[in-house]
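K.L.:
Before we start, here is the structure in question, set down as structure tokens.
The values are calculated or read from the model by the stated rules, or taken from the named source; none is laboratory data. As the structure is a computational prediction, the values presented were derived from the model and not from experiment. Here Cβ is always computed from backbone atoms with ideal geometry, including for glycine, and neighbour counts include all displayed protein chains.
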Amino acid sequence: MSDAQPRLDLGPSRQLAAALADWCGRDRARLAEVLAAADARLGQHDKSFGGLKNLSVALSALLLDAADVAALRQTAERLFAIVDRVVGWILASPERSERLAGDYRRIFPYLAKTPGARYWQAISRYDAVVAEDGRIRIIELNTGCPAGFMHAAAFTKTTGTALGELGVLGDAARMPATIRATALVDGLIEIERAATAAGSVEPGLAVLLTDENRLTHELDLMLDDFASRGRIARIAPAEELAFDGRRATHRGQPISLTYDKFRISVPTSRNHCWRDGFDVRYAAFLAAQKAGAFAAVNNLAAQSIAEDKSLLGILALPETAELMSEAERQFVADNVLWTARLQPGRVVRDGAEIDLLAYVAGHQDEFVIKPTSEGRGYGVVIGRECPRDEWQTLCAVDPATPRVVQDYVEPAKLSVVCDGDSGLAVREMYLTLGLATVNGRYEGVLSRISPSRITNVARQGFVQAVLANS
């Protein structure tokens, strides 16, 4: 494994999958019994994507060794440092902000760094595809979703217990290597403490804010984590905040920390966005966070510029290369999939200049097209799965839905024992990862397996256990 191109050894995970598939052929009843018990244990943790979809366990695990864990840590923390530097560089110049992040110009007046935070980002999860050869390739940046942080540990614990009952893990002791269950709230409190210690924020209430989308998935789990620490926290719409110019309050109680579950995209989006009039609806919140009256996590820059898929392409521009060391430039070239804003013009790909729209239209098997600022797989189209006439339509610029085009890499597959419509079965599923960082520190990995190449567990698929040699 080279420093520039980290790879995971998928051999142990595939050996485990083969052992489980063999067992399924020999003693399906025993596997069904163990899986049902695992689902019952998981149910005690209320893992259900806000009640919209009940999640279940699959008998499958990503098995890592020390080198694999080191590769994931190195990838996540190096990418975090690069992304944060580039976001700061964009925001340091009005010209660059307009040219490279102009979709968010309506948000520019309200951007502010979070008191107590060293970085523009605080909570980040970088999504990666794992290729058949084990290479880790970054495909998306996510800063506003708590799902993996709040779900992953319970799946690893539950599935690990089931695999232990079956005796299929071998002699090596395996410890959880997924995202720590308390990592998210730990990070929020760390930032709040730094802000209050510096005197920039007065102690107060923690509020988990929603916006017009009213997405509350996982916020109840965060409330439980705060309560276990003796902290009062509540869930509230952002428009309910008040601000008197010094203190922000919710229903009369001062606020020192917010976790902002927002989805910011262009106002013409058919999916998630802040519609026109957001500046009136959220006036108190916008003014208070701009004034640094509380620690707002993640801040608006993280939830717009740092989450926009266009940023992956910006990382590879000649002008941003000047911000990086030679090793960092090579890291981006090797580990971040080539990405470009879908717009007319000529761009460089693989060292050659191409007419972007014409080339993408004529080589659809090589690409994925995605909206720049949406979530949960909305609008993602894989060229090799798309009818040609539909692909040609997608290759036309749509101002209402800004999009990027990205190189496609086929994800690795694993055999997975799971419940289906016709009972217990072995299914081939695609593997993707989410590399979690909190305040710049790697906190573990979310592993997802799905029968779809678009591995969004809210739609279909499973959160997979992640275990490492102790």
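K.L.:
Taking T258 as meeting all but one of (1) of a type in the set (S, T, Y); (2) part of a loop (DSSP other than H, G, I, E, B); (3) under 15 Å from F285 (Cβ atoms), write down the number of the exception.
P.N.:
(2)
K.L.:
Against the definition (of a type in the set (S, T, Y), closer than 24 Å to P371 by Cα and either surrounded by fewer than 24 Cβ atoms within 10 Å (Cβ to Cβ) or within 22 Å of the chain's Cα centre (by Cα) (or both)), how does Y126 come out, yes or no?
P.N.:
The answer is yes for Y126.
K.L.:
How many of the residues in segment 122-168 are among the polar types (S, T, N, Q) and either assigned by TED's automatic domain parsing to the domain that holds L208 or in a strand (DSSP E or B) (or both)?
P.N.:
2
K.L.:
When you go through (1) in contact with a Cys (Cβ under 7 Å, 6 or more places away or on another chain); (2) surrounded by 15 or more Cβ atoms within 10 Å (Cβ to Cβ) one by one for P267, which number turns out not to apply?
P.N.:
(2)
K.L.:
Right, here's the next one. Can you name every residue in segment 341-379 that is over 30 Å from Q303 (Cα atoms) and either assigned to a strand (DSSP E or B) or of a type in the set (F, W, Y) (or both)?
P.N.:
If the condition is that a residue be over 30 Å from Q303 (Cα atoms) and either assigned to a strand (DSSP E or B) or of a type in the set (F, W, Y) (or both), then A352, E353, I354, D355, Y359 are the ones that fit.
K.L.:
Test A101 against the criterion of being over 30 Å from C24 (Cα atoms), within 21 Å of the chain's Cα centre (by Cα) and in a loop (DSSP other than H, G, I, E, B), and give yes or no.
P.N.:
It is false that A101 is over 30 Å from C24 (Cα atoms), within 21 Å of the chain's Cα centre (by Cα) and in a loop (DSSP other than H, G, I, E, B).
K.L.:
Please work out which one of (1) more than 22 Å from the chain's Cα centre (by Cα); (2) assigned to a loop (DSSP other than H, G, I, E, B) is the condition S452 fails and give its number.
P.N.:
S452 satisfies all of (1) more than 22 Å from the chain's Cα centre (by Cα); (2) assigned to a loop (DSSP other than H, G, I, E, B) except (1).
K.L.:
Search segment 453-465 for residues being crowded, with 21+ Cβ neighbours inside 10 Å and closer than 15 Å to D127 by Cβ, and hand back the single one that is modelled with the lowest pLDDT.
P.N.:
Going through the qualifying residues, I end up with V457.
K.L.:
Based on what the data block shows, is G440 at positive phi and touching a strand residue (DSSP E or B) at 6+ places or on another chain (Cβ under 8 Å)?
P.N.:
Against the criterion (at positive phi and touching a strand residue (DSSP E or B) at 6+ places or on another chain (Cβ under 8 Å)), G440 does not qualify.
K.L.:
Name the residues in segment 204-226 that are under 19 Å from the mean Cα position of the chain (by Cα), among the aliphatic types (A, V, I, L, M) and not in a loop (DSSP other than H, G, I, E, B), would you?
P.N.:
Of everything in segment 204-226, those that are under 19 Å from the mean Cα position of the chain (by Cα), among the aliphatic types (A, V, I, L, M) and not in a loop (DSSP other than H, G, I, E, B) turn out to be L208, L209, L219, L221, M222.
K.L.:
Does segment 401-411 contain at least one residue that is closer than 21 Å to A19 by Cβ and either assigned to a helix (DSSP H, G or I) or touching a residue at least 40 places away in the same chain (Cβ under 8 Å) (or both)?
P.N.:
No, the conditions are met nowhere in segment 401-411.
K.L.:
Within segment 302-340, which residues are outside any loop (DSSP other than H, G, I, E, B) and within 16 Å of the chain's Cα centre (by Cα)?
P.N.:
A302, Q303, S304, S310, L311, L312, V336
K.L.:
Can you work out which of the residues in segment 274-290 that are touching a residue at least 40 places away in the same chain (Cβ under 8 Å) and assigned to a loop (DSSP other than H, G, I, E, B) is surrounded by the fewest Cβ atoms within 10 Å (Cβ to Cβ)?
P.N.:
Only one residue fits best here, namely R275.
K.L.:
In segment 431-447, which residues are touching a Gly at 6+ places or on another chain (Cβ under 6 Å) and assigned to a strand (DSSP E or B)?
P.N.:
Correct list: G434, A436, V438, L446.
K.L.:
Okay, next question. Since A291 meets every condition but one in (1) modelled with pLDDT of 95 or more; (2) in contact with a strand residue (DSSP E or B) (Cβ under 7 Å, 6 or more places away or on another chain); (3) of a type outside the set (S, T, Y); (4) more than 30 Å from R137 (Cβ to Cβ), which condition does it not meet?
P.N.:
Condition (2) is where A291 drops out.
Okay, residues lined up against (1) of a type in the set (D, E, K, R); (2) out of contact with any helix residue (DSSP H, G or I) (no Cβ under 7 Å at 6 or more places or on another chain); (3) surrounded by fewer than 24 Cβ atoms within 10 Å (Cβ to Cβ):
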residue: K413; (1), (2), (3): yes, yes, yes
residue: G420; (1), (2), (3): no, yes, yes
residue: V426; (1), (2), (3): no, no, yes
residue: Y430; (1), (2), (3): no, yes, yes
residue: L433; (1), (2), (3): no, yes, no
residue: P451; (1), (2), (3): no, yes, yes
